[in-house]
1. Could you list, in sequence order, the residues of the range 198-216 that are at pLDDT 90 or above and either touching a helix residue (DSSP H, G or I) at 6+ places or on another chain (Cβ under 8 Å) or assigned to a strand (DSSP E or B) (or both)?
2. So which pairs qualify, if the first residue must be in the range 135-155 and within 19 Å of residue 190 (Cα to Cα) and in contact (Cβ under 8 Å) with a residue 40 or more places away in the chain, the second must be surrounded by 14 or more Cβ atoms within 10 Å (Cβ to Cβ) and among the charged types (D, E, K, R), the Cβ gap must be under 7 Å, and the two must be at least 6 apart or on different chains?
Amino acid sequence: MNRWMRIFCVASAFALVLAIPHGQAQDRDPTFAAIRDAETSGTQPRRSLTEDEMVKLRQQELLLDFDAETSLDHGETINPELLRTIKNNSMGVRFEEREAYFRILRLAQEVPLRRQEKFATELRRQRRELNPNYAARPAKDFPQFVDLFTHPEEYQGRLVTLHGVLRKLTKFEVGKNAFDLDDAYEGWVYTADSQSLPAVVVFTTKDERLLAQGDLQEEVQFTGYMFKMYGYDAGDTTRKSPLILAGEVEWMRHPYKSAYQPISPLWYGVTTLAFLLGVYVVWQTNRQEMPPRPPLQVEPDFTHFPPRQHPAPDPLLPHSMIEPEDS
């Protein structure tokens, strides 16, 4: 009897050991968890997530848990951990990039513009000195857009200053975010060395002289953080341009517009005085050079005028009653 009891106890313990991992596996598997929840609630089991959905969900959790500083060096560059969520040459702004997008856009508002321009100038100097073709040439000759387009990895998360013509400007809502960002503006800027490719700039503070009405032509300058190479549809093909997040865009006066500014009344007075002085000088010069008029040799006789053979008509008589003497 004791032998059979020992065999029964050993078999029960062995079965219990085999059942424990199976139960833990069911607890860890989301499919079994969904079925167990459905049995408890009396509903149908939920669909299990696909691999892509699991990846997106995990990326979202990582972004929501990101509580580090956006910049670790007081606004000069962006936190490398935040840049890991950004993918170059992708269409638009991906869902996984939205946290970095909002954070950088907010940082561009907070860092003073002069400080941003200082960091951008220093980066431009470094890039120019690394290029042997432009190291000894003036800073203004360095093709900033070309270097940015061909080496985006050197600029990502860093500040850059561009100057060009704003050809397109639209206003849009940035969507739900935790940084109090409501509306923003997207502009397409063509620089002197960008040819037909624009630099896409997104900013939150607009100069009132810039109208968000689609197509326009205004000279601007801005400084912002290089976000990524931004893919977009261009008719029958797909192109890419640098996407820069800035706080504001500076409007600049066109050279040809300054020629049409109202003329000061002082200039009208000076011009009129100069014209009259010129006329007087010309008149005096001609008057001095003009020879005197010669005297008349024969004095005319006006004693009998008009001549007797042609008497003057009587002004009191009607014209019809006046007849010439010859008649």
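The values are calculated or read from the model by the stated rules, or taken from the named source; none is laboratory data. Bear in mind that the values here come from a model prediction, so they are computed numbers and not experimental data. With ideal geometry, Cβ positions are generated from the backbone for all residues, glycine too; neighbour counts draw on all protein chains shown.
1. The answer is 199, 200, 201, 202, 203, 204, 205.
2. Every condition considered, the pairs that remain are 143/193; 144/124; 145/193; 146/193.
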